[in-house]
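What follows is a set of notes on a single structure, which appears directly below.
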Amino acid sequence: MKVRVIDKDGVEHALEGLAGWRLMEVIRDYKLPIKAECGGACCCATCHVYVDENWRKKLPPPTGEEAGQLDNAFEVGDNSRLSCQIILNEDMDGLQVTLAPGSEP
């Protein structure tokens, strides 16, 4: 499946994702600039992304733990998510996100 990630310069990257992987892992493995300091443990908010409006309601809602961590992120919006908490599945083919401020190393 493909996921589309827009970096801080507005460049779109088409990445190959695998079902069962965390979106953050895919972004990191393609060497895009994302801190992801806690490695996916949902305890740092440094993998903050903005989910494209067309995808917001297609994703499972954030857990209470994720919502709590987003309080520590910069410039949080209604479409903010932690990419470590988005577990890819085949229904997410074409998912588009934008790296949020504060997520870059």
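The values are calculated or read from the model by the stated rules, or taken from the named source; none is laboratory data. Computed from a predicted structure; not experimentally measured. With ideal geometry, Cβ positions are generated from the backbone for all residues, glycine too; neighbour counts draw on all protein chains shown.
Working only within region 29-50, note down all residues that are charged (D, E, K, R) and touching a Gly at 6+ places or on another chain (Cβ under 9 Å).
Of everything in region 29-50, just one residue is charged (D, E, K, R) and touching a Gly at 6+ places or on another chain (Cβ under 9 Å), namely K35.
If V3 passes every condition in (1) among the β-branched types (V, I, T); (2) closer than 14 Å to R81 by Cα; (3) within 12 Å of the chain's Cα centre (by Cα) but one, which one does it miss?
(2)
Kindly indicate which of E16, E37 is surrounded by fewer than 16 Cβ atoms within 10 Å (Cβ to Cβ), touching a Ser or Thr at 6+ places or on another chain (Cβ under 7 Å) and not small (G, A, S).
Matching residue, one of E16, E37: E37.
Filter region 80-91 for residues that are surrounded by 19 or more Cβ atoms within 10 Å (Cβ to Cβ) and either more than 16 Å from A41 (Cβ to Cβ) or of a type in the set (V, I, T) (or both) and give the result.
S80, I86, L88
Sort out which residues of region 10-33 are at pLDDT 95 or above and over 23 Å from D91 (Cβ atoms), and write them in order of number.
G10, V11, K31
Could you figure out which of (1) surrounded by 13 or more Cβ atoms within 10 Å (Cβ to Cβ); (2) out of contact with any Gly (no Cβ under 6 Å at 6 or more places or on another chain) isn't true of E53?
(1)
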